[in-house]
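First up is the structure itself, then whatever we jot down about it.
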Amino acid sequence: MAAGQVQTFYAQIAANRRRSVLLVVAVFLLLGALGFAIGYAYSEDPVGGIVAIAIAFVIALVMTSVSYFAGDALVLTASRARLTNEADQPRLMNVVREMSIAANVPPPKVYLIDDSAPNAFATGRDPQHASIAVTTGLLDKLDREELQGVIGHELSHVRNLDIRFALLVGVLVGSIVLLGDFFLRSLWWGGGRRGGSRRGGGGAAILLVIAVVLAILAPMFARLIQFAVSRQREYLADATSIELTRNPAGLERALLKIGGDREPLEVANRATEHMYFVNPVKKLEARSSGFFSTHPTILERVNRLRTLTGAAPLDARTMAGLHELG
Amino acid sequence: MEVVWIVLIVLAVLVVGGIFIYNSLVQKRLQVDEAFAQIEVQLKRRWDLIPNLVNAVKSYMGFEQQVLTQVTEARANAVAAGAQGPAQQAAAEGMLTGALRSLFAVVENYPELKANQNVLELQEQLTTTENQIGFSRQHYNATVRDYNTSIATFPNLLLAGPLGFSRREFFDAEPEAAQVPRVDLGYTPPSGG
């Protein structure tokens, strides 16, 4: 492995950590601003806004704690994942143990999802409390080296604490969306009641407009930030996976194979899609690049891997040809 | 009077610094030992699995006794090399890995063996053990590099020699020893899986 390549990994890890901190700060600021706007608009008094900030933070704190300590169980239950063991899945458990040695993390708990769409995700609050879930389709369709690549990718998420971040961000972003929704709804139903108080002056009206704008924009911004960060994390996890397995071909084949699969995963939804190995919700045609996607396209991921290993990038036509063959 | 104080302070700083250096060296040496113990567990497991595999395939492979003998000998050499230090052991284990590869390549020629559940399970166990040895080795070599660098750099090197911290060997076969003799079986083994 070239020294320059190691540099790339560290640079990506550092950049990713920086983005994580920025995101958490941004989400909290957004939540606070939203709380203040809502509180001010309702009470027409800055004190009311500050009280609302406090309430918003308390809500965020409670939700963060719940997600930190029980989020993994919630996600696994929602995905209908069942715990598996050595006797039931020897190859899978062996691969997980190998890759956890390579990543220098304790072996995580391993769950199975009964679905023929090949996919996987990792969750938990730290490497000591981590779980990996894979679909039965993944086990059926991938060979051993490809499985190593995917498990290496998931264990990178574990080692880099992406899993904690994904849980926390899911809930923080979720709470902003929830608050925004709540405010918009109450504004609709409470519109008549507050009509009289608007006589208080133009200031309150302007604040009300700001509050409405914030309430509309906040959820959009929050989700945009979440998407951008999770895409960087996918690239980093791919890079770390081949650093661990020393076998870029396995992960590349896994990506092409899974990318060519046309089935959507039934148990995945908008709240959990950012955790998966490949976007589980969209069908193949829609797994395209876009401002709103949680995952980069398979082609982008394969080509980033090829750049790291010094191979020539594939073009979309070659990819399509591979799918026909696969 | 002042001179005495200065000397005392300098001495105290040196002693505290020495303690810190000593502790960090002990910790790094411990990490090397732990990493090596992790490899040893996997190596022993592989030694234990091989007789089972040889027994399972023996009756089928009438014509290729030579491959089985090779594996058995390579295993015996590897067990014997266990006491000769990491570099020797790595070389012997490298030979064993090569012999096992040849054996599995031969197994591919026997449809009954390829379908035998017992052989398949042993093959999976040996594959995972070999991978675990490989990954443990990466980890061990990284800790050795860290330890060797730290005893060879200033100011640690002032204390490392007198206190008996010596360089550790990498678990890495010499380039020549890593060259496994190729067994020409007249076909190319399938890649993957």
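Where a number appears in this text, it was derived from the coordinates with a stated rule and is not lab data. All values derive from a computational prediction rather than experimental measurement. Every residue, glycine among them, receives a Cβ derived from its backbone with ideal geometry; neighbour counts consider all protein chains shown.
Side notes on the structure shown:
- Over chain B: helical MRE at 222 nm, DSSP H runs n ≥ 4 each giving -39500 (n - 2.57), nearest 500: -26000 deg cm²/dmol
- Sorted peptide list for A:302-310, A:245-253, criterion being average Cβ within 10 angstrom, highest first: A:245-253, A:302-310
- Net charge of neighbours whose Cβ lies under 12 Å from the Cβ of residue B:75, counting Lys and Arg as +1 and Asp and Glu as -1: -1
- Positive-pole candidate from B:60, B:103, B:83, dipole of segment B:2-178, charges at beta carbon: B:83
- Each residue in A:99, A:220 was given a count of other beta-carbon atoms within 10 angstrom of its own, and listing them fewest first yields A:220, A:99.
- Note on A:274, B:139, A:153: ascending count of other Cβ atoms within 10 Å places them as B:139, A:274, A:153, the fewest first.
- 12 Å beta-carbon shell around residue A:113, net charge (K/R +1, D/E -1): -1
- The modelled label-to-label distance between residue B:112 and residue B:87, using points 7 Å beyond Cα along the C-beta direction, is 4.7 nm.
- Counting, for every residue in B:122-134, the Cβ atoms of other protein chains within 10 Å of its Cβ and taking the mean gives 4.
- Peptide-level mean, for A:84-95, of C-beta atoms on other protein chains within 10 Å: 2
- Sorted into 5 angstrom bins from 0, the C-alpha pair distances of chain B split as 1, 7, 13, 15, 14, 11, 9, 7, 5, 5, 4, 3, 2, 2, 1, 1, 1, 0, 0 percent.
- FRET efficiency for residue A:116 and residue A:304, using Cβ-Cβ distance with R0 set to 30 Å, rounded to 0.05: 0.60
- Net charge in the neighbourhood of residue B:160 (other residues with Cβ under 11 Å of its Cβ; Lys, Arg +1, Asp, Glu -1) is +3.
- Cα-centre dipole for segment B:1-142 with unit charges at Cβ (Lys and Arg positive, Asp and Glu negative), debye to 20: 100 debye
- Isotropic mean projected area of the C-alpha convex hull, segment A:25-124 (nm²): 9.3 nm²
- Average beta-carbon neighbours from other chains, 10 Å sphere, peptide A:243-254: 1
- Per-residue packing, averaged as other Cβ atoms within 10 Å, sorts the ranges B:125-132, A:160-167 into the order A:160-167, B:125-132, beginning with the highest.
- Pairwise Cα inverse-distance average, inverted: Kirkwood Rh of segment B:1-66 (Å): 17.1 Å
- For B:154, B:135, B:165, A:57, order by how many other beta-carbon atoms lie within 10 Å, fewest first: B:154, A:57, B:165, B:135
- Nearest-ten-degree value, helix B:2-58 long axis tilted from longest Cα axis of chain B: 10 degrees
- Mean Cα-pair separation over length for segment B:2-178, i.e. relative contact order, pairs under 8 Å, 6 or more apart, %: 34 percent
- For segment A:125-133, backbone phi angles converted through the Karplus equation (6.51, -1.76, 1.60; θ = phi - 60°) give residue-by-residue couplings of 9, 7, x, 6, 10, 10, 9, 10, 10 Hz, Gly and Pro being listed as x.
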